[in-house]
1. Pairs 629/702; 583/722; 125/225: which are spaced more than 28 Å apart, C-alpha to C-alpha?
2. Dividing the alpha-carbon Rg of segment 263-391 by 2.2 N^0.38 Å yields what?
3. Could you tell me the center-to-center distance, by alpha carbons, between segment 631-647 and segment 207-238 in angstrom?
4. Which FRET efficiency value, to the nearest 0.05, is calculated for residue 132 and residue 210 with the Förster distance at 41 angstrom and r the Cβ-Cβ distance?
5. Measuring from a point 7 Å past the Cα of residue 699 along Cα-to-C-beta, which residues in segment 427-455 have an amide N at less than 12 Å?
6. Excluding same-chain residues fewer than 8 positions from residue 680, which aspartates and glutamates have a Cα within less than 15 Å of its Cα?
7. What Kirkwood Rh does segment 622-706 have if only Cα atoms enter the pairwise 1/r average? Answer in Å.
8. So, for segment 280-413, what is the accessible surface per residue at a probe of 1.4 Å, expressed in square angstrom?
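The values are calculated or read from the model by the stated rules, or taken from the named source; none is laboratory data. Everything numeric here is computed off the predicted structure, so don't read it as measured data. Counting neighbours? That spans all protein chains shown, and the Cβs are built from the backbone with ideal geometry, glycine included. Heads up: the accessible areas ignore ligands, DNA and RNA and are worked out on the full protein's heavy atoms, side chains in. Shrake-Rupley method; radii C 1.70, N 1.55, O 1.52, S 1.80 Å.
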Amino acid sequence: MESCNCIEPQWPADELLMRYQYISDFFIALAYFSIPLELVYFVKKSAVFPYRWVLVQFGAFIVLCGATHLINLWTFNMHSRTVAIVMTAAKVLTAAVSCATALMLVHIIPDLLSVKTRELFLKNKAAELDREMGLIRTQEETGRHVRMLTHEIRSTLDRHTILKTTLVELGRTLALEECALWMPTRSGVELQLSYTLRHQNPVGFTVPIQHPAITAVFGTNRAVKISSNSPVARLRPSGRYMPGEVVAVRVPLLHLNNFQINDWPELSTKRYALMVLMLPSDSARQWHVHELELVEVVADQVAVALSHAAILEESMRARDLLMEQNVALDLARREAETAVRARNDFLAVMNHEMRTPMHAIIALSSLLQETELTPEQRLMVETILKSSNLLATLINDVLDLSRLEDGSLQLDISVFDLHGLFKEVLNLIKPIASVKKLYVTLSLSPDLPEYAIGDEKRLMQVLLNVVGNAVKFSKEGGISISASVAKSESLRDPRAPDFFPVPSDHHFYLRVQVKDTGSGINPQDIPKLFTKFAQSQSLATRNAGGSGLGLAISKRFVNLMEGHIWLDSEGLGKGCTAVFMVKLGTRGCSNEAKLPYLARATTNHMRTNFPGLKVLLMDDNGVSRMVTKGLLVHLGCDVTTVNSGDECLRVISNEHKVVFMDVSLPGLDVYEVAVRIHEKFSKRRDGPFIVALTGNTDRVTKESCMRVGMDGVILKPVSVDKMRSVLSELLDHGVLLEAK
């Protein structure tokens, strides 16, 4: 009998089943490991979930199950087919259930988050919101107090009021027991108790600024809690009480450089004041953050207000100083104006008083010169005339310079013969140069206009001064004069950076150059020659004489004519070149019709005698009347003299052709006499020519004479030739064309 084998034979491993087992174990392990990750995410998102330990255990169990299945992949042995089928089915079901569980948790987690855990979450959020709202209310309250304090502080610019208001408002707002302000002393090494809230400590108490507590506060811009035993915190009388908390904050002071505010120190480096605040004693109250922030903001506002107050105080001091300076300047200006008026009045009086005796000297000398004289006598008379004319020129120069400096001198603009002016200067200079055996040449550029618009008299005066200097300082050789229209490229001169000539269609710049072979000038002396009473230091210059006013006046006349003048010389003994440019108008300008044109009388046809000419002379000065009469009688005139305006009106008749009147005559107004003479003769052509004799050179006198209908003005002193020229112009042209 064959033996029975009750044990089922081993089932060989089926490759397909093994593959399913491997796949199932893999997904089971994947699901087990993913579930803890999802639980971790849930715990993280649900901060208020109350069963975290259960989740931790469940996660550990799943991880262990997953690990078991993962290890099973490497522990397969040979077994029966039935076991293999059952194992495979179980693993397939486990894999399916595990995957389903993992997928279900994805949908369950949002539902779990929406249950009672939400209520606890909302409560926590509400508590957090309440805290934030409390903070916001605290900040708003702090801001309101800051605005109130700032308004109170900024309502004044008095520093004492600012500081006292700050202490009072801080004490009221923060319910302080004491508040104090320590200011740096003048030396800057101590802090002085300057202001207190309760006045419990005497003001003036000092503390060294190098104290550790003070150094710690000055080292930060935050409010710092300090010990109640600190010297700056001992603000109450000693007693048996528990001191309150004390804080201190620095107050920046304005950085001052050049001014000092009353009794405050002059600050050259950054300085601070110290504000100390103390809570009530025997209380458990402590400083809160928002209160410290309030103190810090107020300290900054106080610093700004103090800086404004300092600037205001300094500006007020500067204003007061400026007002004092303005008063002093106004007083100085009035004194200067008074001095100028006094000087001008003095010069006017001296001018008239000096011209009256000079009139006698020059007139009588010129009369004496036309008599029979020995050569020695003629030389003496000529010397007298030359010296007298030099003195008259000096008087004219002083008066011109005075009026140039005070701005009262104005140019007399008219149309004039420019070429004729240069020829007249040449005719005046040649006789003087011929005495010294000097040649004088004149070169006029072809493009130089024949007529121009400007002040002919002042231009001639400048030209005579410059050419006269050239003749004066030359012993041999000669003088060359050239005139041309300045070209655009030669208008600017590096020696005159402030000279900006602007040519136009109606103006041109006349350029005049006077070159001599004289003694020359030291280059270092050239800038000095245009100042008053300045002369070159060379021996030749000193021997030549002169007042030192010619070039100074010429420069001012040139400046008045919008021009520029300069000198060039290579040194002593090498001659000198003077150049000046002036601005003149052309005859084509639009307002030419408004300007007078004064044609010059030619000297070739000048009368030498006026026999039988009836002349009435009115002068209250006996010497001057006698001298002027002598001149007229010498020229053949029939002269009647009077010494008052009333007598003049009684004596005058149709037979009188010319009336000479001294405008300085007292009593009846000379201008009124002229008006009455014109009224007496209904027809102007039947009346006499009226000519003013005056020692005043101002323009007002000339304009006043012309306004009342006078025919001309003669400036004393008067020589025979000058009187001859005046009468010739009157009789030939019917008017005296230019004030002499």
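1. Over 28 Å Cα-Cα: 583/722; 125/225.
2. The value comes to 2.96.
3. Computed from Cα coordinates, the inter-centre distance equals 105 Å.
4. It comes to 0.40.
5. Only 455 fall inside the zone, counting backbone N under 12 Å.
6. Qualifying aspartates and glutamates at Cα under 15 Å: 646, 647, 655, 672.
7. 13.7 Å
8. Per residue, segment 280-413 has an accessible area of 59 Å².
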